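Undergrad: Structure provided below as structure tokens; questions to follow.
The values are calculated or read from the model by the stated rules, or taken from the named source; none is laboratory data. This is a predicted model, so every value here is computed, not measured. Cβ atoms come from the backbone with ideal geometry, glycine included; neighbour counts cover every protein chain shown.
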Amino acid sequence: MNGTTGESLEIKDIAVDDLSADQAQAELSRLAGEIAEHDRRYHQEDAPTISDAVYDALRKRNSAIEGRFPDLVLADGPSVQVGAAPASGFGKIAHTVPMLSLDNAFNDEDVQDFVGRVRRFLKFDPLMGALAVTAEPKIDGLSLSLRYEQGELVYAATRGDGTTGENVTANARTIKDIPERLIGEVPEVVEVRGEVYMAHKDFEDLNKRMEANGGKVFANPRNAAAGSLRQLKSEITASRPLRFFAYAWGEMSAVPSETQSGMVELFEAWGFRINPLMKRCETVEELLGVYHGIEEDRARLDYDIDGVVYKVDRLDLQERLGFVSRSPRWAIAHKFPAEQAYTVLNDIEIQVGRTGALTPVAKLEPITVGGVVVSNATLHNEDYIKGIGQDGEPIRDGKDLRVGDTVKIQRAGDVIPQIVDIDLDKRPADAKPFDFPTVCPACGSHAVREKNEKTGRVDAVRRCTGGLICPAQATEKLKHFVSRNAFDIEGFGDKQVDAFYKDGLVMAPADIFTLEERDARSLTKLRNREGWGDQSARNLFDAINQRRSVELHRFIFALGIRHVGEGNAKLLARAYGSWSVFYDAMQAAHDETGEAWTDLNDIDGIGHIVAEALVEFFAETHNRDQLDALLGAVSPQDAEKVDASGSPVAGKTVVFTGSLERMTRDEAKAMAERLGAKVSGSVSKKTDLVVAGPGAGSKLKKAQDLEIEVISEDGWFDLVGA
Ligand code: IVH
């Protein structure tokens, strides 16, 4: 008991100095659980539910109690564990049939040799007829083996070293192209193998999302697919748009076809996606025709491929051909030539973005790579120039870039060109390491690398601290403001922004809307400026006037708040409905212990980095002043209300958790929102309904604790009548 107040206080409210040993023990165990849960939300779900300050207070209290009662420190408590990175990783699975790699062919001759070798090995002379060989794209993803017993998926394993892979079953179950149950009559044991990959569009959307939430971006779709499949949390994999093509197999209790092409057709009948470009050929010429055709179509495919795979079609012949070391003798991968070339790095230019980020750009001696002339390449940040990658890992073997260097450029698909290597033999004797500026090249203000208080890590990006006095930031902000997905003012582009800014006509967004009025009183009228006339000036004023009322999400996006891209702006507009509600909520969210802050963080898709950026933006007096001026001239429209009349979930807050099998997360969310529901990422007292799929964990438990209605995915479809 704790003096006079002990009985009425909960242990969590008792000052550390007043705790008894029993109370301290109970409190340490409660704190361990609570901190572990917040770590999990932060690290694994990217969806924290408390502010950093509140989190730090929990840890501080934990340390203070541990300081007073060192004997009670828990072996697995928060002071011992760092973050929530699980120690064990994935379980291992031994492949019953090894997962092999393919031998490579690099030109047409190599392919002729391959077919010649196969014929000789089989003593398959032309009199015995045509040797059928299939040709199909080599997908640039990662291979996966799926084992089905009695038609049910029992496990999914990555290739690993070919003999033993990682057990990624829970994650594979979240991929919609991977059937949980095979269709029709199938052998008792079936191991279907194929490639997990990410489509270009999905890759770009994912990176945008990651960037908006302050996360790392993936360098290419293959990395994104691998990173997404190897998530320790299958809910994260479920939110990643992965796809799967079936093209091979491992153990089969019975082989139901006599040919490679027949097997792949069966995969399709069983419920898999197969690549539509696969062809069965009878001559080398035909094979090469398919290869060159696919090579030409490559840029139009919505996924990355790096060659064409040829496989002898008859399975009895495959069996006779067998393997050499780790590759089958009956197959070969005909690789596309790498889209690489050498050129000279003429200069490194520093561009200042609207958030003040100093971005180095490589100015290259123009060179054609993969059919496209390349003269610029992104250099990301100063560490990248030094040869240090995102995670502190060396890139280009740690070689730093110097002006004058001969560099190897690579273009992969549509991805921005990268400098992948430097020819040090060609480095000019006087080439010096690049001195990254520490002052802004546009305004001379200090440019600094901020330290993230939470992680203690220094930001990779150096930023100008000049704010509004920096002309580069101001003009970039204006360009963003008038851009297509923001205010979209016709005839008001980058050129006009630069010219009007230079002449002091438009220094901030609100000035755009007073331009006509000021012009009427001005002695130097717009119509008299070079390149302008009566009509073009009139058109510009009309275009500006047309945008005095804009959709709420455009208005929010136009403000150029850090991490608030178009997607997040839409989420916010939908969640708050009107400007005044949104504005008041953003002011109120400043109090990180209040409801407005929790509500903001509860919006599905809004992470705490975005939430913090919003609060910060609205706390700045000069931002509020600019907004006041702008709102004197512009009215944001209320967000469109969804027509959800008669919908059983209208106005309800729904949480989807676990893996969904009949729809992706995005589809589920869109469907719920169409029906007037609000979708949230976490379960709270405000949740009305939880839709739980297999593998649902803490959210399901919390829903049960709070006695919130929980239904299955099928239950959801029954409820909404879809
Ligand atoms: S067949 C025994 N077909 O390429 C041969 N592999 O270099 C089994 N790959 O690990 C593989 N597309 O990840 C095959 N259409 C395709 C493929 C393909 C991509 C990958 C696969 C494999 C690697 C071998």
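Undergrad: Which numbered condition trips up ILE388, out of (1) free of Cβ contacts under 8 Å to residues at least 40 places away in the same chain; (2) within 30 Å of PRO471 (Cα to Cα); (3) of a type in the set (Val, Ile, Thr)?
TA: If we test ILE388 against (1) free of Cβ contacts under 8 Å to residues at least 40 places away in the same chain; (2) within 30 Å of PRO471 (Cα to Cα); (3) of a type in the set (Val, Ile, Thr), just (2) comes out false.
Undergrad: Quickly run through region 163-189 and pick out the residues that are within 16 Å of the ligand (Cβ to nearest atom) and either within 22 Å of PRO694 (Cβ to Cβ) or surrounded by 18 or more Cβ atoms within 10 Å (Cβ to Cβ) (or both).
TA: GLY165, GLU166, VAL168, ALA172, ILE175, ASP177, ILE178
Undergrad: Continuing with the same structure: For residues that are assigned to a strand (DSSP E or B) and under 28 Å from ILE469 (Cα atoms), tally how many sit in region 355-385.
TA: The qualifying residues number 8.
Undergrad: Identify all residues within region 297-316 that are more than 12 Å from the ligand (Cβ to nearest atom), in contact with a helix residue (DSSP H, G or I) (Cβ under 6 Å, 6 or more places away or on another chain) and at pLDDT below 95; write none if there are none.
TA: ASP302
Undergrad: Looking at VAL581, is it more than 30 Å from ASN545 (Cβ to Cβ), of a type in the set (A, V, I, L, M, F, W, C) and part of a helix (DSSP H, G or I)?
TA: No.
Undergrad: Moving on to the next point. Have a look at ALA537, ALA558, ALA596 and point out the one that is within 30 Å of SER684 (Cβ to Cβ) and crowded, with 16+ Cβ neighbours inside 10 Å.
TA: Of ALA537, ALA558, ALA596, the one residue that is within 30 Å of SER684 (Cβ to Cβ) and crowded, with 16+ Cβ neighbours inside 10 Å is ALA596.
Undergrad: One residue is enough: does region 87-103 have a residue meeting the conditions touching a residue at least 12 places away in the same chain (Cβ under 8 Å), part of a helix (DSSP H, G or I) and more than 16 Å from the ligand (Cβ to nearest atom)?
TA: no
Undergrad: Please state which one of ASP391, ASP400 is of a type outside the set (Lys, Arg) and at pLDDT 95 or above.
TA: Unique residue meeting the criteria: ASP400.
Undergrad: Quick one: what pairs do we get from region 242-269, first residue within 18 Å of PRO98 (Cα to Cα) and in contact (Cβ under 8 Å) with a residue 24 or more places away in the chain, second more than 14 Å from the ligand (Cβ to nearest atom) and part of a strand (DSSP E or B), C-beta under 7 Å, 6+ apart or different chains?
TA: If the second residue must be more than 14 Å from the ligand (Cβ to nearest atom) and part of a strand (DSSP E or B), the pairs left are GLU251/VAL189; MET252/VAL189; MET252/VAL190; SER253/VAL189.
Undergrad: Condition first: farther than 30 Å from HIS200 by Cβ and either small (Gly, Ala, Ser) or within 9 Å of the ligand (Cβ to nearest atom) (or both). Now tell me which residues in region 135-158 satisfy that.
TA: Matches in region 135-158: GLY151 only.
Undergrad: Looking only at region 516-548, which residues are more than 40 Å from the chain's Cα centre (by Cα) and among the aliphatic types (A, V, I, L, M)?
TA: ALA520, LEU523, LEU526, ALA537
Undergrad: Looking only at region 621-667, filter to residues that are acidic (Asp, Glu) and at pLDDT below 90; which one of those is nearest to GLY681 (Cα to Cα)?
TA: Out of the qualifying residues, it is ASP666.
Undergrad: Testing PRO366 on (1) over 18 Å from ASP459 (Cα atoms); (2) of a type outside the set (Gly, Ala, Ser); (3) modelled with pLDDT of 95 or more, one condition comes back false. Which one is that?
TA: (3) is the only condition that PRO366 fails.
Undergrad: Taking region 227-243 only, how many residues are over 12 Å from the mean Cα position of the chain (by Cα) and of a type outside the set (Lys, Arg)?
TA: Residues flagged as over 12 Å from the mean Cα position of the chain (by Cα) and of a type outside the set (Lys, Arg) within region 227-243 amount to 6.
Undergrad: Only residues that are hydroxyl-bearing (Ser, Thr, Tyr), more than 17 Å from ILE178 (Cβ to Cβ) and touching a strand residue (DSSP E or B) at 6+ places or on another chain (Cβ under 8 Å): list them for region 229-257, please.
TA: SER253
Undergrad: Name the residues in region 318-332 that are touching a Lys or Arg at 6+ places or on another chain (Cβ under 7 Å), within 11 Å of the ligand (Cβ to nearest atom) and assigned to a helix (DSSP H, G or I), would you?
TA: Within region 318-332, none qualify.
Undergrad: Which of the strands (runs of 3 or more DSSP E) contained wholly in region 614-722 include at least 1 residues that are over 30 Å from THR514 (Cβ atoms) and of a type in the set (Val, Ile, Thr)?
TA: The qualifying strands (runs of 3 or more DSSP E) are 653-657, 689-692, 709-711.
Undergrad: VAL73 - would you say it is of a type in the set (Val, Ile, Thr) and modelled with pLDDT under 70?
TA: no
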